[in-house]
Amino acid sequence: MKPIMKKDVVDQGQRIQLVLPHVLRATMLDTVLGAGMSALMALLEEERTELCGPRYAHDSERHASRAGYAKSELAMGGRRVSVNRPRARNNEGEVPLRSWEHFSEQDPLTPRAVEQAMIGVATRKYARSLEPLPAGMVSRGTSKSAVSRRFVAATAEHLERVMQRDLSQIRLAALIIDGLYVGDYVILVALGIDEAGDKHVLGIYEGATENSTACKGLLADLERRGMRTDRSVLVVLDGSKALLSAVRAVFGPRAIVQRCQVHKQRNVEDHLPENMRRSIGSAMSKAYRSRDVAKAERILTGLTHQLEREHPQAAASLREGLNETLTVARMALPEWLERTLATTNTIENLNGSLRRITKRVKRWDDGTMVLRWLAAALTEASKGFRRLRGYKGMPKLLAALRMNDAALGITIDDQEKAA
């Protein structure tokens, strides 16, 4: 007989430690699911007894008779599980059991399929992502095709809600628009900030490029769904001339445009040699952070003169739209609100979430598929929206917007003032 060595005991103990959590997990899961199913069946039998009376007992007051069991299904743990459902009948036909109607109406399968896709689970791996069922339970609905059908149907509903959402009740203070490249498609995303500083996904629009036609199409769609364009609004844009042209065409002088300072700095640096980018970028950041409009203009104008001779394209890029990069600085807003609205970072953060989700897709069939995915992703992302950073300073922004209205001769009725 081979003597038991200390090493053998240690190895055996390690194996037990590795296996034990999985055994306990499986046992607990089996116990919980089994107990839950037993409780449901007991509840159904209790309801049937209320209708039919005790089994084998003669009751002239009973409302129905037992009718055996029927093969049925319930949604459980991301799939459909077969269940033998108790039945009851009377002279008019089958009598429904309230508990069964309640649980059978609860169908979390479609939201589960969307959630799994949003966190990166491929449809072919969906079944593997679910907790195992106890032995003996028969299930279906976890195949790639079944999950895909549910996902397509659900994302189509998300897209319908996003594209048809009524915008008339949103008291818009700021509008941020940016383009998102997904495969060969460009999707314009519009994010609204209301007067309280809350964020709202207003809409998405698919176009071949970020051109004026697509931008006008997006704004026309938002206007059709109730977005007000008869009041002044702060519009934060990157350097796209097409977006600027479309905004001017729709809002006219009511659009107070803020050009993104981060995009402007990047555009200027892209025209410079590597050894100059850091110093020029630092000077631009200093100007934008100064919160002194006159000082910022002096620094930026001085940079254009400095670059004019040796780097004329960089100088031209800095000069173009320079005043619009200082729009919010002229409003004398609180520091955090000014910083937030001086760039498109608010929508860039949202677009970053969309990119993380869409990059998992290897092939896009068409633009509708892109829009479906983005609508689902936007719905998911909007659940985590927080108020705009610096939202406590919104009254100052609103005061600046109303001053622009007054300068344009736009009057506000008493009811709107009270609201």
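Within a 10 angstrom radius of the beta carbon, how do His200, His158 rank from fewest other beta carbons to most?
Going from least to most buried by this count: His200, His158.
Would you please give the FRET efficiency between Ser245 and Ser145, computed as 1/(1 + (r/R0)^6) with r the Cβ-Cβ distance and R0 = 35 Å, to the nearest 0.05?
Computed FRET efficiency for Ser245 and Ser145 comes out at 0.15.
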Worksheet, complete the sentence: Other residues with Cβ under 14 Å from the Cβ of Glu45 give, with Lys and Arg +1 and Asp and Glu -1, a net charge of +3
Worksheet item: For labels at His200 and Met37 in the simple 7 Å Cα→Cβ model, what's the distance in nm?
Response: 4.8 nm
Worksheet item: Count of lysine pairs in the stretch 170-408 with Cα atoms under 16 Å apart, counting only pairs 8 or more residues apart in sequence or on different chains?
Response: 6
Worksheet item: In terms of modelled amide H atoms, which long-range or inter-chain residues lie less than 5 Å from the amide H of Glu73?
Response: Val83
Worksheet entry | Contour excess over end-to-end distance, with Cα ends at Arg356 and Arg402 and 0.36 nm allotted per residue | 12.7 nm
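How high is the relative contact order of the stretch 283-419, in percent, counting Cα pairs under 8 Å that sit 6 or more residues apart?
21 percent
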Worksheet entry | Charge sum, other residues only, whose C-beta stays under 13 Å from Pro253's C-beta, Lys/Arg counted +1 and Asp/Glu -1 | +1
Discussion item. Can you compute the FRET efficiency between Ala220 and Asn275 using 1/(1 + (r/R0)^6), with r the Cβ-Cβ distance and R0 = 60 Å? Round to the nearest 0.05.
Written reply: 0.85
Discussion item. Can you classify the stretch 170-408 as rounded, prolate or oblate using the Cα gyration tensor, where a ≥ b ≥ c are the square roots of its eigenvalues, rounded means a/c under 1.5, and otherwise it's prolate if a/b beats b/c and oblate if not?
Written reply: oblate
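Since every read-out is calculated from the coordinates, none of them should be taken as a lab result. A quick note: this is a predicted structure, and the numbers were derived from the prediction, not measured. Neighbour counts run over all protein chains shown; Cβ positions are idealised from the backbone, glycine included.
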